[in-house]
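For reference, the structure is listed below as structure tokens.
The values are calculated or read from the model by the stated rules, or taken from the named source; none is laboratory data. This structure is a prediction, so every number in the text was calculated from the model and none was measured. Areas reflect the complete protein model, heavy atoms only, side chains present, ligands, DNA and RNA absent. Shrake-Rupley method; radii C 1.70, N 1.55, O 1.52, S 1.80 Å.
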Amino acid sequence: MLPVQVNRLTVQEAGDRYVELVRAKTVTGALSPATAEVYARDVATFVRLAGPDRVLDDLTGEDVNAVLLAFARKPDERKKSEAQEKGTEKGTGKGTGQSAASQARFRRSVSALFRHATSAGWVHLDPMAASSVRARERGGLRPERRALTREQAEGLIEAAGSPAAPPPEAADSGAGRRRRADQRTEVRDALVVLLLTALGPRVSELVRANVEDFYTNDGVRYWRIFGKGGRTRDVPLPDAVAAALDAYLAVRAGGDGEKALLLSWRGRRLARGDVQAVIDRVQRQVDPGRRRAVTPHGLRHTTATHLLADGTDMDAVRRVLGHSDLSTLGRYRDDLPGELEVAMGSHPLLRRRRGQAGPDGQAAPDA
């Protein structure tokens, strides 16, 4: 029996064809544009680490292990940039590699590539079956991705609502006049912080939002969020968030039919990296005692943590965050100091035994 014939594509050719297929799936709604770009970015990294001119079918399990290990050791550019901003970068010390979550995501992307390569006849056997490299135990979220405490979150929200006045020299400069002529970026920043903290959207969902995605139904403002996998969810806005939205729309300078909700001072749609800059700018106005660095994803953790800690129904939190499975909430739920003590101190089955009135109006005796 003759062996199965394969199309001996190079790693580069296979990666290009696969990424083209992945991006085509966004047209049918099978994948969101953000998810497709994550796959494309991971495949491009795989091509670079594996060697673009090698034949894909020649890669073995050991080759895949080498790629996965190389990725795990690759410096995390986000951490590097944060360290440079803080002036604390010290070479390539411990903790500068990829997080366990990033390693697991990269492995899933490579696995998906080889699954397609196997079915398309680009490889005889899937080398992922012989790969033994796994991401290390997660062991807890990075500090900058943990939920803010109530005091820290409230400090951030208060700072967003009370922007600092610009210095006199900036107000008199040409840049200051140009900023006033375009839009009130501090109003936009307040809206960004409130949306992230109160509703916990993914940063990709936030920057993709258009003005037309916000509507009013029976007196309640809603945000129609276009999420992962082509799924949509309509989330009602708290009154404070709706007020911040109205304040921003009143000064938003969207010319030339720009549909994007969040615009830069140049009138262009904000990019993902711009959102972190907004948070950092607002954080500088927070009292140092309540300030802690946080990412947009950390604010998503903050939303989930405080909604659940306040007794909000788990399914309602799931719908706010846009998850299809309740079990996923565990990834976005962090412990709060004193939370267990508060819960046990006001146990719903024992409240009447602490002197509250019973059915006949008489106070129940204490145990």
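Solvent exposure of residue 13, expressed as accessible area, is near 90 Å², computed with a probe of 1.4 Å over the protein chains only.
The residues of region 1-71 present an accessible area of 56 Å² per residue when probed at 1.4 Å with all protein chains retained. Under 1.5 on a/c is rounded, so check that first for region 229-314, then, if it is not, pick prolate when a/b is larger than b/c and oblate when it is not; a ≥ b ≥ c are the square roots of the alpha carbon gyration tensor eigenvalues. Oblate. Per residue, the accessible area of region 201-295 comes to 52 Å², computed with a 1.4 Å probe over protein heavy atoms only.
Could you rank 118, 28 by how accessible they are, 1.4 Å probe, largest area first? Write out the running numbers ahead of the final one.
Details: 118 55, 28 110 Å².
In descending accessible area the options line up as 28, 118.
Which order do you get for 162, 32 if you rank them by accessible area with a 1.4 Å probe, largest at the top? Please list the in-between numbers first.
Details: 162 80, 32 5 Å².
Largest accessible area first, the residues go 162, 32.
Measuring with a 1.4 angstrom probe and ignoring ligands and nucleic acids, residue 220 comes out at about 50 Å² accessible.
Rolled with a 1.4 Å probe across the full set of protein chains, the surface gives residue 310 an accessible area near 120 Å².
Overall, the accessible surface of region 193-241 at a probe of 1.4 angstrom is composed of carbon and sulfur to the extent of 48 percent. With a 1.4 Å probe rolled over the protein heavy atoms of all chains, the accessible area of 25, 259 falls in the order 259, 25, largest first.
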